[in-house]
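Okay, structure first, notes after.
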Amino acid sequence: MQASGYWSEARLSACGLLPAASPLLPNPHGPRDVASVLDRALAERPDATALIGRFGRLTYAELDEATNAAAAAFNAIGISEGDRIAGCASNHNELVIAFLASQRIGAVWVGINRALALPEKKYLIDDCGAALFLCDTDTAETARAWIGDGLRHVMTLDPGDPDSDLARAIEAHRGAPRPAVTIDPWAPAGIAYTSGTTGFPKGVVHSQHNMMVTATISVEYSGDGVPETVRGTALPLTILNCMILGPLAALSTGAPHVNLDRIDAQGVAEWIAQEKIANISIVPTLIQDLLTRPDIDQDQIASLRWLVVGGSTVPQALPQLYRERFGRRMTIGYGLTEGPNGVAKTHEASPEGAGVIGRPLPHLHLAILDETGAEVPRGEIGEIAIRATDKGPWANVYKPTLGYWGRAEATAKLLRGGWVHTGDVGLQDESGEFHIRDRGSDLILRGGANVYPAEVERVLRMDAQVRDCAVLGRPHERLGQTVAAFIETDGLSDDEEQRLLERLRDLCKANLAAYKAPADWIVVPAMPRNAMGKIVKTQLADQFMVREGQQA
């Protein structure tokens, strides 16, 4: 069933995308698509708990009813197949309902992180051409001014508020049947934004099929594919990867999912204790806090049995803490938005050391490629690339992303030669284990959150007195990395430099999420550059050690 109907090849091409290539094989161990993710539980245990949030609990039957009502409400205002629905809210049941409803009508879901500044949110709305924006009342007051040729509707989504637009719309359409839409599992269904080196985010497009494949793989890998396992997510569910690994993974097995609305250690511990959460998605720093802070009663988190830590920067003390608590080695995951989700994970036999990412997950084949696209011998450095495995029960099931929304050239570059080219540099050792040597995007992982230097640098260059700038990650014992900015100016006085830095902080506050703002500011007379004039960030990083040595 190749992309047909609404998503013809011509329409895909107009959106900068490529159709999923044959053969189109179904998910062998899970739901066919997101639209049907509740069906198994509805047939076997409709009264079992599906979602748990701050303002209530929903059984599978109740979740199904609310999803159909939300889908009918979207249709009633003219939102239908192919339209983009943007959702911006904290982790509550209403956000999951809106996501599931978007999938039942064949729309394309776009999660927008609440932490983003208003200009960042507007950019994403404009870039994807969202027809509907779901957000809190405060954001809606500004967002209604954005309504125009693309954006047609703004609805308030205030969790726990029966008078919010979404709550009233669901109530008005309660009892509506499931939408009579034939879902193409391989058509565009979700857009996840990532920046890379461009300075502006690019929308990675995934299908319902790929979402369910990676959700199923997550369940199989963690060994918790039973209804009794309680999953929880504290990371933002507006991140598509988190929606997949949290609610979709849990709902596909008939298990309950807890939408954690607190991200502080004490709040997370309370949720874990109250709901007996066994599998949770949190950042490395929060894991360390849960295991070390004296105000956290370890009995509160006794139910935890599975945690996967993503990212190449993990607090130094965490692996040993993890082994002491769980009796096994901490699993380090390597993934990317273009995946979506995990690509490789370490295991007990993986070598120790920074940058080890282990072996590919069972639906994928990993390789190290040279500049021509040929695989290099083991032990040699090259670009990490992924494609579907051609062996075992998952042979040829996985399909790469359909590309970058509205960016045909970037799509062609990403998917050239039948591979997903990560841009990351690594190697495969003689035992078959993969190692990452460098993130191709200069990605900064601050406390588990992605910060793309090009985004921050773009904002810093808004000030005319910034001759040039460079943003990079500075090692940090707890957060893994923090954001540091090097600013090159034209010989300013000390007072002028201070005024410039104050303006730059204000620019970041107005245009960037708070976690992206630099914590360190260093003004330099000139940047180190190579023969091509490119800034050599490794030499800038060396200045951290010089400064720390002077301060010691």
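The values are calculated or read from the model by the stated rules, or taken from the named source; none is laboratory data. Fair warning: this is a prediction, and the values are worked out from it, not measured in the lab. So basically every Cβ, Gly included, is an ideal-geometry build from the backbone, and we count neighbours across all protein chains shown.
Annotations
- Scanning the range 397-443 for residues that are closer than 20 Å to residue 189 by Cβ and not hydrophobic (A, V, I, L, M, F, W, C) yields 398, 399, 400, 401, 403, 404, 406, 407, 411.
Every residue, every condition in (1) touching a helix residue (DSSP H, G or I) at 6+ places or on another chain (Cβ under 8 Å); (2) not acidic (Asp, Glu), yes or no:
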position: 377; (1), (2): no, yes
position: 389; (1), (2): no, yes
position: 402; (1), (2): yes, yes
position: 420; (1), (2): yes, yes
position: 430; (1), (2): no, no
position: 436; (1), (2): no, yes
position: 445; (1), (2): no, yes
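- Filtered residue count, the range 121-141, keeping only those that are part of a helix (DSSP H, G or I) and over 29 Å from residue 209 (Cα atoms): 5
- Count - residues of the range 345-386 that are in a strand (DSSP E or B) and farther than 16 Å from residue 423 by Cβ: 8
- Any hit, the range 54-65, residues being at positive phi and exposed (fewer than 15 other Cβ atoms within 10 Å of the Cβ): yes
- Listed conditions (1) in a helix (DSSP H, G or I); (2) surrounded by fewer than 13 Cβ atoms within 10 Å (Cβ to Cβ) are all met by residue 491, apart from (1).
- For the range 375-399, taking the residues that are within 19 Å of residue 192 (Cβ to Cβ) and in contact (Cβ under 8 Å) with a residue 60 or more places away in the chain, the one that is surrounded by the fewest Cβ atoms within 10 Å (Cβ to Cβ) is identified as 399.
- Answer residue from the range 142-160, given it is in contact with a helix residue (DSSP H, G or I) (Cβ under 8 Å, 6 or more places away or on another chain) and either without any contact (Cβ under 8 Å) to a residue 12 or more places away in the chain or outside any loop (DSSP other than H, G, I, E, B) (or both) and is surrounded by the fewest Cβ atoms within 10 Å (Cβ to Cβ) among those: 142
- Residue identified as farther than 25 Å from residue 176 by Cα and in the same structural domain as residue 168 (by TED's automatic domain parsing) among 63, 124: 124
- Summed over the range 225-239, the residues that are hydrophobic (A, V, I, L, M, F, W, C), in contact with a helix residue (DSSP H, G or I) (Cβ under 7 Å, 6 or more places away or on another chain) and surrounded by fewer than 24 Cβ atoms within 10 Å (Cβ to Cβ) give a count of 2.
- With respect to the conditions (1) surrounded by 24 or more Cβ atoms within 10 Å (Cβ to Cβ); (2) farther than 26 Å from residue 286 by Cα, residue 184 lacks only one, and its number is (1).
- In this structure, residue 278 does not satisfy being modelled with pLDDT of 90 or more and assigned by TED's automatic domain parsing to the domain that holds residue 207.
- Pairs where the first residue, in the range 324-339, is outside the structural domain of residue 361 (by TED's automatic domain parsing) and the second is assigned to a helix (DSSP H, G or I) and basic (Lys, Arg), C-beta under 9 Å, 6+ apart: none
- Pairs, first at pLDDT 95 or above in the range 124-140, second acidic (Asp, Glu) and assigned to a helix (DSSP H, G or I), C-beta under 8 Å, six or more apart: none
- Matching helices (runs of 4 or more DSSP H) fully within the range 196-283 where at least 2 residues are over 30 Å from residue 469 (Cα atoms) and either of a type in the set (Ser, Thr, Tyr) or within 17 Å of the chain's Cα centre (by Cα) (or both): 208-222, 240-243, 249-252
- Residue list for the range 347-374, restricted to those being free of Cβ contacts under 8 Å to residues at least 40 places away in the same chain and either surrounded by 14 or more Cβ atoms within 10 Å (Cβ to Cβ) or touching a Pro at 6+ places or on another chain (Cβ under 6 Å) (or both): 364, 365
Yes/no matrix, rows are residues, columns are (1) surrounded by fewer than 22 Cβ atoms within 10 Å (Cβ to Cβ); (2) within 25 Å of the chain's Cα centre (by Cα):
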| site | (1), (2) |
| --- | --- |
| 5 | yes, no |
| 16 | yes, yes |
| 28 | yes, yes |
| 42 | yes, no |
| 73 | no, no |
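- Set 296, 301, 277, 217: member being closer than 21 Å to residue 95 by Cα and β-branched (Val, Ile, Thr): 277
- Condition check for residue 222: under 15 Å from residue 307 (Cβ atoms), among the hydroxyl-bearing types (Ser, Thr, Tyr) and either assigned by TED's automatic domain parsing to the domain that holds residue 340 or surrounded by fewer than 24 Cβ atoms within 10 Å (Cβ to Cβ) (or both): yes
- A count restricted to the range 440-471 and to residues that are under 16 Å from the mean Cα position of the chain (by Cα) and in a loop (DSSP other than H, G, I, E, B) stands at 5.
- Residue under evaluation residue 164, criteria (1) surrounded by 22 or more Cβ atoms within 10 Å (Cβ to Cβ); (2) of a type outside the set (Val, Ile, Thr); (3) touching a strand residue (DSSP E or B) at 6+ places or on another chain (Cβ under 8 Å), criterion not met: (1)
- Checking each residue in the range 424-470 for being farther than 23 Å from residue 524 by Cβ, modelled with pLDDT of 90 or more and in contact with a Lys or Arg (Cβ under 8 Å, 6 or more places away or on another chain) picks out 427, 428, 429, 430, 432, 433, 434.
- Unmet requirement for residue 83, which otherwise passes all of (1) farther than 24 Å from residue 207 by Cβ; (2) surrounded by 18 or more Cβ atoms within 10 Å (Cβ to Cβ); (3) among the acidic types (Asp, Glu): (1)
Rundown of residues vs (1) under 22 Å from residue 205 (Cα atoms); (2) at pLDDT 95 or above; (3) touching a Leu at 6+ places or on another chain (Cβ under 6 Å), yes/no style:
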{"site": "363", "(1), (2), (3)": "yes, yes, no"}
{"site": "366", "(1), (2), (3)": "yes, yes, no"}
{"site": "370", "(1), (2), (3)": "no, no, no"}
{"site": "382", "(1), (2), (3)": "no, no, yes"}
{"site": "388", "(1), (2), (3)": "yes, yes, no"}
{"site": "394", "(1), (2), (3)": "yes, yes, no"}
{"site": "397", "(1), (2), (3)": "yes, yes, yes"}
{"site": "401", "(1), (2), (3)": "yes, yes, no"}
